[in-house]
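In what follows, a structure is listed as structure tokens, so that the remarks can point back to it.
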Amino acid sequence: MPARAFFATRNDLLPEFRKTEKLMDIQYISCDRTEDINIPSYAHFEDIPLNDQAGFFGTYTMSNPYLIIPKGASYHFSTIHRTDKPGVTEYKVEIFNNLDYVKCTFGGWYYYDDDELVFIASLIGTFTGATQNAKELYKPFSRNFCNKFISIKDWQGWSWKVGPEAVEMLRSGTRFITDHDPSQSQPSHDLVLPPELK
């Protein structure tokens, strides 16, 4: 699954998405459950109502999920009839039913042990089993996206892209979680600035 992971604030990401939006006409579809059949969609990244408050769905990249699709393209969604709430119907864009497109999950702040705020990563990429259309759609993100961000290696030697504001947060002592499960992450696995950047 081609993907790019990064630590970044909204301000870090805004110029990156603007650059990509100049290359192709895309829109962002919310993958959160909604009772409104008119599933929220956004023409520009800056229109997305992000608040940097990350939810927790099992992995660090599964908060605030969005589907990135060509503008005007159709997509599949599921209808969910709530058995616990008779008469309530919800709608959800299932990522695995939209293999022609790209997923984007925004990280942000996460409460660790209910009291400590830590920062978790974001991800842009295709899906396992993605089509050639998805791979073409992903190309601008793989080639140019976040190239000016600093690359920092984690405890396993994997490289993470870190935006300018995020670097300052790291300098201030904020924990950047690199494990898939933030609630179980060890401080020894956190991303840290190399000595030359401190």
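Bear in mind that the values in this text are calculations on the coordinates, not laboratory data. The structure displayed is predicted, hence computed values, not measured ones. Virtual Cβ from ideal backbone geometry, glycine too; neighbours counted across all protein chains shown.
Summed over qualifying helices (DSSP H, 4 residues or more, each -39500 (n - 2.57)) and divided by its residue number, the chain shows a 222 nm mean residue ellipticity of -5000 deg cm²/dmol.
Take the Cα radius of gyration of the chain and divide it by 2.2 N^0.38 Å, N being the number of residues; the result is 1.06.
Helix 10-23 and the longest principal axis of the Cα set of the chain meet at an angle near 60°.
For Lys198, the lysines whose Cα comes closer than 21 Å to its Cα, not counting residues fewer than 8 places off in the same chain, are Lys148, Lys153, Lys161. Which of Ala43, Gln132, Phe77 sits closest to the plus end of the dipole of the chain, meaning its Cα is farthest towards the positive end, when Lys and Arg get +1 and Asp and Glu get -1 on the C-beta? It is Gln132. What's the angle, to the nearest 10 degrees (0 to 90), between helix 132-143's Cα axis and the longest principal axis of the chain? Roughly 30 degrees, rounded to the nearest 10. Cross-link partners for Lys139 among the aspartates and glutamates, with Cα-Cα distance under 15 Å and sequence neighbours closer than 8 places in the same chain left out: Glu16, Glu21, Asp25, Asp100.
With +1 assigned to the C-beta of every Lys and Arg and -1 to the C-beta of every Asp and Glu, and no other charges, what is the dipole magnitude of segment 3-197 about the Cα centre in debye, to the nearest 20? Don't jump to the answer; show the numbers that get you there.
Details: 19 positive and 26 negative charges, 172 e Å.
For this selection, approximately 820 debye.
Can you give the local net charge around Leu123? Use residues other than it whose beta-carbon is closer than 12 angstrom to its beta-carbon, Lys and Arg +1, Asp and Glu -1. Around Leu123, the surrounding residues sum to +3.
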